[in-house]
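Participant: Quick one: the structure is below, questions incoming.
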Amino acid sequence: MTSPSSDTGAGILRLHPDGTASRGSRILGIVVLVSVVVFLYVALVASAPDKSLDAQGQLVRIMYLHVPSAIACYTAFFVTAVASGMYLWKRTMGWDALAASSAEIGVLFVALTLLTGSIWGHTTWGTWWEWDPRLTSTALMFVLYLGYLALRRAVLDPTSRAKQSAILGIIAFVNVPIVHYSVDWWRSLHQTATVASLDPQIDGLRLFALMFGMVVAMLLYVWLMMHRFRLAFAEAALEAKGLDLALAERRAEARADGGTVPPSVKTEGAS
Amino acid sequence: MGVVLAEASAWTYVTASYAITIGLLGGYSAWVIQKGRKVGKQLPPEDRKWSS
């Protein structure tokens, strides 16, 4: 079942014959790796500590992780909502696999947002956690999408799993704008947007580190999506093959018994 | 002396944040790649549309 070695490239672009990598994903992976190294240099070495009025000092470096993680999770959940809507419209498993893959990566990024935010909060506010509107709505977003992933594991039938999780994928997205605007709508301990305004509160290399961090997070999201989507697609194909095989075996058993094939088995399989 | 200690303490939190981020993202990436190879092995090459 392996591809010919000539198809798998050479040197740094050589691909594992069974894996989810393609030439495009390998090139993007290299770009991500180089970008991460440059980002670490800018964020940890080249950029100066914050010495403004509300000086964060060295702690400002946590922001270069925290904000890009938050942007990446918003993007991931937006893709989940759009793919869920597309599934309900088109009813093709590719959209379901896309929604599920993006939700899983989004959960990873929201976990990072909460963790880095908690560390930052401990050092600047003196507390690991506060039931503040931004923090609470972010925690709710984390729990909602964990629920989405749990639902996908709980429902065995692929079609009803896809339908139910598509509905939840759209409903859960309602919370995302609430998370984002919570600092404007309610009195919050959390600071307001750092760079969305025309007069950002940071500049120079610090602003570059933050913006470049966002670019790296988005590149990483795309690279992870390429692999996770292909994995989800392969799992769905195997599941469909397994169901087809089980149905074929059941039909053969029914014929061997000399009886008629039950109506429940007269379907065209999982696809 | 106090400033030096505060600076060292700040770097501890910064290092912890970067270590957690790199650890989680690296761990997840490795898991996806590894599982992809495992699942891909069970799939005939014609079903692996990305490798064509």
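Participant: For the range A:32-53, give me each residue that is at pLDDT 95 or above and of a type in the set (Ser, Thr, Tyr).
Facilitator: Within the range A:32-53, A:Ser35, A:Tyr41 meet the criteria.
Participant: Hey, another quick one. Among the numbered criteria (1) in contact with a helix residue (DSSP H, G or I) (Cβ under 6 Å, 6 or more places away or on another chain); (2) surrounded by 19 or more Cβ atoms within 10 Å (Cβ to Cβ); (3) of a type in the set (A, V, I, L, M, F, W, C), which single criterion is violated by A:Leu135?
Facilitator: The single condition A:Leu135 does not satisfy is (1).
Participant: Which of the residues spanning the range A:230-246 are within 7 Å of another protein chain (Cβ to nearest Cβ) and surrounded by 17 or more Cβ atoms within 10 Å (Cβ to Cβ)?
Facilitator: Just the residues of the range A:230-246 that are within 7 Å of another protein chain (Cβ to nearest Cβ), to begin with: A:230-231, A:234-235, A:237-238.
The answer is A:Arg230, A:Leu231, A:Ala234, A:Glu235, A:Ala237.
Participant: Further question: Quick check on my filter: what residues within the range B:16-49 are of a type in the set (Asp, Glu) and surrounded by 12 or more Cβ atoms within 10 Å (Cβ to Cβ)? Quick ask: steps written out before the conclusion?
Facilitator: Restricting attention to the range B:16-49, the residues satisfying the condition of being of a type in the set (Asp, Glu) are B:46-47.
If the condition is that a residue be of a type in the set (Asp, Glu) and surrounded by 12 or more Cβ atoms within 10 Å (Cβ to Cβ), then B:Asp47 is the only one that fits.
Participant: Let me ask something else. What single numbered condition from (1) touching a residue at least 12 places away in the same chain (Cβ under 8 Å); (2) hydroxyl-bearing (Ser, Thr, Tyr); (3) surrounded by fewer than 19 Cβ atoms within 10 Å (Cβ to Cβ) fails to hold for A:Ser160?
Facilitator: Here A:Ser160 clears every test but (1).
Participant: If you don't mind, there's one more thing I want to ask. Counting just the residues of the range A:163-195 that are assigned to a helix (DSSP H, G or I) and among the charged types (D, E, K, R), which one comes out modelled with the lowest pLDDT?
Facilitator: Narrowing the range A:163-195 to residues assigned to a helix (DSSP H, G or I): A:163-173, A:175-185.
If we keep only those that are among the charged types (D, E, K, R) too, we end up with A:163, A:184.
Details: A:Lys163: 97, A:Asp184: 85.
So the residue we want is A:Asp184.
Participant: Tell me, yes or no, whether the range A:81-98 has at least one residue that is farther than 26 Å from B:Tyr18 by Cβ and not in a helix (DSSP H, G or I). Lay out the reasoning, then the answer.
Facilitator: Going through the range A:81-98, the residues farther than 26 Å from B:Tyr18 by Cβ turn out to be A:81-98.
Now drop any that are not not in a helix (DSSP H, G or I), which leaves A:91-92.
Checked the range A:81-98: at least one residue is farther than 26 Å from B:Tyr18 by Cβ and not in a helix (DSSP H, G or I).
The values are calculated or read from the model by the stated rules, or taken from the named source; none is laboratory data. Keep in mind the model is a prediction, meaning the values are calculated, not measured. Note that we place each Cβ from the backbone using ideal geometry, even for glycine, and neighbour counts take in every protein chain shown.
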